[in-house]
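Asks: The structure follows.
The values are calculated or read from the model by the stated rules, or taken from the named source; none is laboratory data. Not measured: the values here are computed from a predicted model. Neighbour counts are summed over all protein chains in view; Cβ atoms, including those assigned to glycine, are modelled from backbone coordinates with ideal geometry. Protein only, heavy atoms only, side chains kept; ligands, DNA and RNA dropped before computing areas. Shrake-Rupley method; radii C 1.70, N 1.55, O 1.52, S 1.80 Å.
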Amino acid sequence: MPERYGPWKTAHERLRIWTGDGTWQRILDEVIVKDDSVGNVEWTFSIDASSVRAHQHAAGARKKGGCTTEWVEDLAVDGEALGRSRGGLTSKIHLAVDARGLPMSVILSPGQAGDNPQLLPLLDQIAVGRDGPGRPRTHPNRVLADKAYSHPSTRAAMRARGIAFTSPERSNQIARRKAKGSRGGRPSAFDPERYTGRNVVERCFNRLKQFRAIATSYAKRVTYYRSEIIIAAIVLWLRANLQDTP
């Protein structure tokens, strides 16, 4: 670590304490609330997931110790969110962004985990408070997602929540519906022009992975790795605000 930042142990201790007490998340939440109060948050969300390589030193964390705050552990799937494959250790970042491509919520899972099971948990994390009285806003107007999220149960859950859902059907789903004839029902509504806006989440992943510690996971604890992602998300929000300032 550069000497201008002081002793590495002091920096690590600050990271540990602020991760455990939720300081990083509160900073991000406050930035989002301020933007929402002036109408800058665009409530059409895009959701996707991206795998990242985990360095070999990221494995082997102690079973006990470290940051074990319960609310933080709930934001990870299967312990330290490490999966093993031919390519080595991998983790997966599940991300929801607003229409400007700015991070709203994040979940980590092992690299081999599926995308669709994390869609609803990502939305469940959304609670943007008001800059004044009123309940936090928890539901976007619309969610854009690729074919990996196209499942009847997902579409039913979106309807139950009153959230418009734009996702193309998979070819096997189309074939199954057509094979049933009139009993197969109507095809799901899909607006290809609206769907083109989904690429903002891919662009957000590109910006996040410009941070070396996010492009490759070096942290032994998933809680620290998630904090690094949250810190990067704060930077992206503040950069966007500077660009919007005349």
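Asks: Inside the stretch 216-246, can you point out the residues that are open to solvent by 30 Å² or more (accessible area, probe 1.4 Å), over 18 Å from GLY20 (Cα atoms) and of a type outside the set (A, V, I, L, M, F, W, C)?
Replies: Matches in the stretch 216-246: THR216, TYR218, ARG239, ASN241, GLN243, ASP244, THR245, PRO246.
Asks: Further question: Considering only residues that are of a type in the set (S, T, N, Q) and under 20 Å from the mean Cα position of the chain (by Cα), which ones fall in the stretch 7-47?
Replies: THR19, THR23, GLN25, ASN40, THR44, SER46
Asks: Across the stretch 105-123, what is the number of residues that are open to solvent by 20 Å² or more (accessible area, probe 1.4 Å), outside any loop (DSSP other than H, G, I, E, B) and either in contact (Cβ under 8 Å) with a residue 12 or more places away in the chain or among the small types (Gly, Ala, Ser) (or both)?
Replies: Residues that pass the stated criteria total 4.
Asks: Mind checking which residues of the stretch 164-213 are of a type in the set (A, V, I, L, M, F, W, C) and farther than 20 Å from VAL143 by Cα?
Replies: Passing the criteria: ILE174, ALA175, ALA179, LEU208, PHE211, ALA213.
Asks: Still on this structure: Which residue pairs have Cβ atoms closer than 7 Å, lie 6 or more positions apart in sequence or on different chains, and pair a first residue in the stretch 14-29 that is among the hydrophobic types (A, V, I, L, M, F, W, C) and part of a helix (DSSP H, G or I) with a second residue that is open to solvent by less than 60 Å² (accessible area, probe 1.4 Å) and modelled with pLDDT under 90?
Replies: Close Cβ pairs (under 7 Å, with a partner that is open to solvent by less than 60 Å² (accessible area, probe 1.4 Å) and modelled with pLDDT under 90) do not exist here.
Asks: Checking ILE126 against (1) open to solvent by less than 10 Å² (accessible area, probe 1.4 Å); (2) not in a loop (DSSP other than H, G, I, E, B), which single condition isn't satisfied?
Replies: The failed condition is (2).
Asks: Kindly list the number of the only condition in (1) of a type outside the set (Val, Ile, Thr); (2) closer than 27 Å to TRP237 by Cβ; (3) surrounded by fewer than 17 Cβ atoms within 10 Å (Cβ to Cβ) that fails for SER85.
Replies: Only one criterion in (1) of a type outside the set (Val, Ile, Thr); (2) closer than 27 Å to TRP237 by Cβ; (3) surrounded by fewer than 17 Cβ atoms within 10 Å (Cβ to Cβ) is unmet by SER85, namely (2).
Asks: Looking at (1) surrounded by fewer than 16 Cβ atoms within 10 Å (Cβ to Cβ); (2) assigned to a helix (DSSP H, G or I), can you tell me which one ASP131 breaks?
Replies: (2)
Asks: For ASP124, are the conditions met, namely being modelled with pLDDT of 90 or more, among the charged types (D, E, K, R) and within 24 Å of ASN241 (Cβ to Cβ)?
Replies: The answer is no for ASP124.
Asks: Going through the stretch 30-59 one residue at a time, which ones are in contact with a Pro (Cβ under 6 Å, 6 or more places away or on another chain) and outside any loop (DSSP other than H, G, I, E, B)?
Replies: Hit for the stretch 30-59 is PHE45, nothing else.
Asks: Please find, within the stretch 33-48, the residue that is surrounded by the most Cβ atoms within 10 Å (Cβ to Cβ) out of those that are touching a Gly at 6+ places or on another chain (Cβ under 9 Å) and not polar (S, T, N, Q).
Replies: ASP36
Asks: May I pose another question? Among the numbered criteria (1) open to solvent by 40 Å² or more (accessible area, probe 1.4 Å); (2) modelled with pLDDT of 90 or more, which single criterion is violated by GLU70?
Replies: (2)
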